[in-house]
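Below is one structure, written out as structure tokens; the observations come after it.
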Amino acid sequence: MGFCESVGAWRWQGSAGALRAVVGVLLLRLSLAQSVPPQAVCPAVAAPQSLTQPQYQHTVEEDASVGFMAALVQSFLHTVQPNPFPKDLILKIVQDFEMQLNQKIIKEALVYEVGFLVCAAIGVLYIVLMPIIGFFLACCRCCGNCGGKMYQKQTSSIHCRRRTLYWTAFVTTVILLAGNICMFKSNEAVKVSVDQSQVELSITIDNIHSFLTAVPQQVDHVVNESYRTVQEVTRNLDAIGPQLGREIQERFRGTLDPALLSVRLLEQETANISLQMNHLNSSLAQLQSSMDRLQTNFTAVKNQINNTLSNPNCIGCNNLKPELQKLTLDTSITIPSLNELQFAVDEMNKADLKSKIKQVEDYFKSIPQRVTNGTKNVVQSSKEQLGNIQTQISQVTNDIPLSALTNVSETLNQLQRDIDRVTPEFKRAEHIRWGVCVALCCVVLLVVVCNFLGLVLGPLGLTPKANPTERSCAADCGGTFLMMGAGFSFLFSWLFMIAVLLLFLLGGNVYTLLCQPWIDGQLLKLIDTPGLIPGLDIGPTLGLKTDINISDIYRDCEKNQPLWTTLHLYELINLEDLLNVTKYTEQIQQHFENTNITLSTITLLSPEVKNQLRRFSNNATNIDSTAVMQQMNNISSINLNTTADKLDELATFQSKNDTREELQNEARDLRQIQTDIETIIIPQLDNLNSTINGLGSTAEQINGTVEEVLSNVGAAQDFLNTNTTQIVKSESRKFLDCQLGYFIIYADWANVTITQQVGRCGPVAGAVDSVEIILCSYIVESLNAFWFSLGWCMIFFIPSIIFSIKLAKYYRRMKSSDVYDDQLTMSHIPRAQMKLS
């Protein structure tokens with residue numbers, strides 16, 4: 001049996017088509033997503049991008065000078081109109097508007113407006129009487145009556161009366177000046193209010209337009225995030241081979257790596273022993289060659305010595321023959337069990353562990369491709385199911401009524417264009433209004449200036465004891481200015497009162513019937529009345545089961561609530577059903593449970609290879625280096641120099657030179673052989689011994705390595721045989737649960753985003769508040785302040801006229817006078833004959 005068995009491809013059993021789709025498990029427990037989180041450890045999932053709320057412009061800060069008289073005017077209007085907001089009366093008027101109003105409703109309206117009617121009656125009376133009184137006063141004065149006579153009766157109390165009239169006229173004029181200042185200031189406040197209103201209105205329209213534009217974009221963002229989620233899962237399905245295959249590899253390698261590492265270590269040690277064996281054989285061959293050559297030389301030298309000693313001419317040579325016979329040189333080198341070790345190493349080399357390790361690694365590297373090839377149909381059907389999910393989620397744009405927002409946006413665009421078109425005309429009209437109001441203020445100021453000139457010039461030119469007919473020009477001018485002030489008052493006051501009356505009726509009713517109930521919330525309650533405004537039934541218009549009113553919408557928008565809760569969109573859209581796609585997965589779940597995905601197991605080591613490993617281990621431990629050491633000791637103990645010394649000594653006793661030279665040459669040859677033993681044979685023996693020791697050290701580790709290999713491979717084989725199928729199933733489920741996590745994250749994010757972030761309608765409430773500020777806080781308050789200031793001046797024109805006319809006679813130059821002296825009065829004395837003391 002080989003190192004690896006051929007491994008079968010994935011088998012995905014079950015019906016074809018969508019019911020075999022991997023997406024079945026992706027969506028299998030989406031309905032339980034909140035309670036059962038996925039167990040797979042997934043790569044970091046990019047969180048959906050949060051909604052970007054639009055940036056709205058801030059409104060212009062209100063000028064504090066605009067409402068400087070608001071409290072005073074409102075207090076006056078509350079006195080004029082103390083009745084509560086007439087909601088029922090307005091409803092009756094609206095309901096009977098198309099029909100003829102009955103007398104009862106008219107009477108109720110008049111009763112409610114009684115305060116304004118009384119003030120209007122007073123104003124009409126002022127308008128009618130003031131010119132009439134002025135006309136008759138002018139006629140009387142022309143006829144010499146009503147102060148027309150240039151004669152002033154002198155009494156003891158004349159100075160006291162003059163001072164009293166002076167201070168009352170002064171106080172009245174100061175009050176008129178204060179009212180006139182308020183007129184100028186309120187007129188400027190109206191101008192500022194109009195300018196601010198234009199900016200405020202433009203900002204409000206821009207904010208509403210931004211809001212209406214942002215809502216569809218936010219909804220599209222939610223849908224686009226679903227597309228991104230589907231695309232992410234689609235990419236993972238396309239990469240199911242590398243992703244799922246890598247996870248399966250990791251689970252297998254946790255057990256296989258130790259086994260493969262030990263096999264690889266054994267292969268390396270086997271290769272090392274093979275190299276050492278080659279080196280040992282080479283060393284043995286070299287040593288044997290040297291030993292053979294040495295043995296040949298030694299035999300030749302020994303025969304020559306024996307011949308020389310046998311020569312009859314050799315003196316005393318017979319005594320050395322016994323020692324020569326004992327001289328031997330053992331050059332045989334033998335290593336027990338070397339052949340067995342060499343055979344075991346050859347068997348292991350034939351097994352070729354390296355190629356078998358490579359076969360296993362190549363197989364595991366091919367797992368991702370096997371997964372890809374085996375899941376092509378599954379991935380294709382899964383993509384079809386993902387397309388269905390994408391289509392379902394995209395229905396949110398059809399379920400949310402965005403067309404109404406588009407219509408409102410178009411209306412706002414048209415409104416903005418209309419405003420831009422009429423703005424130049426409006427500015428010109430405002431400039432004319434401002435000029436007219438400035439003219440009114442200047443006329444009132446003219447009266448005030450005349451009064452003040454009269455009050456200043458009169459006392460400055462007056463000599464209290466002087467004859468009335470001889471008063472100075474300054475005093476006479478002072479009286480004339482007072483009369484001019486009274487004349488101007490008569491001339492313009494009734495005209496100004498018409499403006500006061502019209503502005504009072506307009507501004508007062510706008511405040512009491514619009515601004516005040518708007519601030520109190522009564523106006524919104526009135527608008528909420530069913531049927532009051534046709535087409536304003538929001539609930540039925542949106543198709544809601546329950547009705548919602550403007551007040552509820554305004555309160556929610558004040559809190560910057562999303563449209564989901566403000567418009568009760570949960571009655572139109574079942575968001576849980578929309579984001580829950582498990583309705584597609586019931587049948588898919590059943591087929592997935594019946595699916596069997598298997599991966600055939602692997603035989604790591606065949607029995608034959610295991611037997612080879614055991615034989616190799618046994619033979620590697622039988623190396624014996626004792627014989628080599630013994631032979632080294634034997635060769636090391638050889639000492640041919642001793643015999644050579646004896647030959648040299650014997651040569652000294654010879655008489656013949658030939659014999660002496662032969663013995664000396666033979667002694668030299670023995671020494672050369674001894675030198676060869678020490679310089680050639682001994683080092684080679686040391687090298688051989690070192691090689692044998694290294695081989696023995698390596699061989700000693702083989703046994704433990706083989707045992708580790710057999711143990712690790714056995715454990716790995718048992719793990720694979722037992723857990724392969726379970727690993728494949730568990731990793732497949734983890735991969736699918738990991739993909740499910742994408743949909744869980746998106747579903748949670750989409751639910752929170754739609755219900756809590758899409759369409760925060762704070763700008764809508766801000767627009768309503770802006771309109772209230774523009775209309776009430778800016779325009780109405782400033783307009784009311786102007787007519788109140790003007791009316792203030794018109795009312796105080798009356799005492800001003802009275803006091804001015806009466807005071808003027810005390811400063812003007814008289815045509816005749818009388819003398820008051822000790823209660824004796826002389827009247828009608830010519831001015832030339834009178835002289836006051």
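Read-outs: derived from the displayed coordinates by stated rules, not from any lab. Given the structure is predicted, the values throughout are model-derived calculations rather than measurements. Glycine also receives a Cβ, built like all others from the backbone with ideal geometry; neighbour counts cover every protein chain displayed.
Worth pointing out:
- Net dipole in debye of the range 221-364 [+1 Lys, Arg Cβ; -1 Asp, Glu Cβ; about Cα centre; nearest 20]: 560
- Where labels lie 7 Å past Cα in the beta-carbon direction, separation of Thr546 and Asn633 in nm: 11.0
- Too-long pairs where the Cα-Cα distance tops 22 Å, listed order kept, from Lys326/Lys646; Lys104/Lys525; Lys185/Lys427; Lys302/Lys326; Lys365/Lys729; Lys525/Lys559: Lys104/Lys525
- Sequence-distant residues sharing a close amide H with Asn560 (under 5 Å, placed H): Gly762
- Sequence-ordered 3J(HN,Hα) estimates for the range 228-241 from the Karplus curve with 6.51, -1.76 and 1.60 and θ = phi - 60° stand at 5, 5, 4, 5, 5, 5, 4, 4, 5, 5, 4, 9, 5, x Hz, glycine and proline given as x.
- Inter-label distance, nm, simple model (7 Å from Cα along the C-beta direction), Ala300/Gln95: 15.1
- Listed peptides 786-797, 704-715 by packing density, highest first (mean Cβ within 10 Å): 786-797, 704-715
- In sequence order, calculated HN-Hα J values of the range 742-753 (Karplus, 6.51, -1.76, 1.60; Hz; x Gly/Pro): 4, 6, 5, 4, 5, 4, 5, 5, 5, 4, 5, 5
- Our coupling estimate for the range 716-722, obtained by passing each phi through the Karplus curve with A = 6.51, B = -1.76, C = 1.60 and θ = phi - 60°, is 5, 5, 5, 4, 5, 5, 8 Hz, Gly and Pro reported as x.
- Between Leu460 and Leu72, the FRET efficiency estimated from the beta carbon spacing at R0 = 25 angstrom works out to 0.10.
- Stretch gain in nm, segment Asn618-Asp362, where the contour uses 0.36 nm per residue and the Cα spacing is subtracted: 89.0 nm
- Potential lengthening between Glu323 and Asp88 on full extension [0.36 nm per residue; Cα-Cα distance subtracted]: 69.0 nm
- Inter-part distance where the range 748-794 and the range 214-289 are each reduced to a Cα centre, Å: 68
- Distance between modelled label sites at Cys442 and Asn641, nm, 7 Å Cα→Cβ extension: 14.7
- Shape call, the range 671-755: gyration tensor on alpha carbons, a/c limit 1.5: prolate
- Residues with amide H under 5 Å from that of Ile548, placed H, sequence gap 5 or more: Ile538, Gly539
- Once the C-beta distance of Ser274 and Ser730 is scaled by a Förster radius of 51 Å, the resulting FRET efficiency is 0.75 to the nearest 0.05.
- Residue-span extension gain [Val752 to Asn723] - 0.36 nm each, minus C-alpha spacing: 6.2 nm
- Counting only Cα atoms, the size of the range 192-270 along its three principal axes is 101, 25, 14 Å, in decreasing order.
- Estimated FRET transfer efficiency (Leu514, Leu572; beta-carbon r; R0 22 Å; 0.05): 0.05
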